[in-house]
C-alpha cells in the first residue's frame, strides 16, 4: 500500500464519497425522519451529485480548483445547513491542498483537518451538540496521529472509524440545533443524521483512495 498520494487522488476520494452517500441516502433520510425534516439523505445526495458534476466539468483543472468549484456547487445544490457546511469543508480541503505535488499521511491529515476546521468555523456547534461536528471532531483528533510510515488509506480509515464512533455516540445526546432541539428527551436514542453522513463521507474517502 502506497505511503503517499498524488493530488489527483482527491478525485478518487470524492467519487468514493459520492458512491457511499448514494448507497446510504435512504438510511440518512430515515434517521432524519425521526428527529428532523426527513430530507437529509436527499440533501446529501444532491450535494454529491453536484460534486460529481464539478469533477466532470473541471476534469482538466487541478484538484484544488475542482474542490473549490465543488464546494460552491454544493452550497447551491444542498438544502438547509448542509450546503454551506459541506461546501465550506470541500473548499477548506482545496485551500489545504494548495499546490502540493505529493502528500504523505501527515500532509494529508493537515489537508483534511483544514477542511474540518473551515466547516467548524462556519458552525456554532461543539462536541456534544448532536451535529456533524460530533463525527468530524473525533476524526480530526484521529488524523493528528498520522505518521509518515502510515499509508494514507489507512489514515483515512482510522479517521472514518473515529467519525463513526462519534456519530453513534450522538444517540445519547439531546439536540441543540435544528428541529431536533425542540424534541428534548425524545431525540435520545436516535443518531444524528448529519454526523452519520460525515462518517459515511470519510469512509467513502478511504474506500475511494484504497481502490
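The values are calculated or read from the model by the stated rules, or taken from the named source; none is laboratory data. Just so you know, these numbers come straight off a predicted model, no measurement behind them. Cβ coordinates were reconstructed from backbone atoms using ideal geometry, including for glycine residues, and neighbour counts include every protein chain displayed.
Inspect all residues belonging to the range 98-106 and state whether any of them is closer than 30 Å to residue 37 by Cβ and modelled with pLDDT under 95. Can you show your working first?
Restricting attention to the range 98-106, the residues satisfying the condition of being closer than 30 Å to residue 37 by Cβ are none.
Scanning the range 98-106 turns up no residue that is closer than 30 Å to residue 37 by Cβ and modelled with pLDDT under 95.
Screening 161, 207 for residues that are buried (at least 18 other Cβ atoms within 10 Å of the Cβ), closer than 22 Å to residue 111 by Cβ, modelled with pLDDT of 95 or more and within 14 Å of the chain's Cα centre (by Cα) leaves exactly one candidate, 207.
Any idea which of 67, 93, 28, 85 is over 25 Å from residue 210 (Cβ atoms) and buried (at least 23 other Cβ atoms within 10 Å of the Cβ)? Spell out the reasoning first.
Numbers: 67 fails: over 25 Å from residue 210 (Cβ atoms); 93 fails: over 25 Å from residue 210 (Cβ atoms); 28 fails: over 25 Å from residue 210 (Cβ atoms).
Matching residue, one of 67, 93, 28, 85: 85.
Filtered by the rule that a residue be touching a helix residue (DSSP H, G or I) at 6+ places or on another chain (Cβ under 6 Å) and closer than 23 Å to residue 208 by Cβ, the range 115-132 gives 115, 116, 118, 119, 132. Scanning the range 147-174 for residues that are in contact with a strand residue (DSSP E or B) (Cβ under 8 Å, 6 or more places away or on another chain) and in a helix (DSSP H, G or I) gives a single hit, 152. Using the structure shown, decide if residue 23 is outside any loop (DSSP other than H, G, I, E, B) and within 26 Å of residue 130 (Cβ to Cβ). So residue 23 fits the description; yes.
Within the range 73-82, the set of residues being at pLDDT 90 or above and crowded, with 21+ Cβ neighbours inside 10 Å comprises 73, 74.
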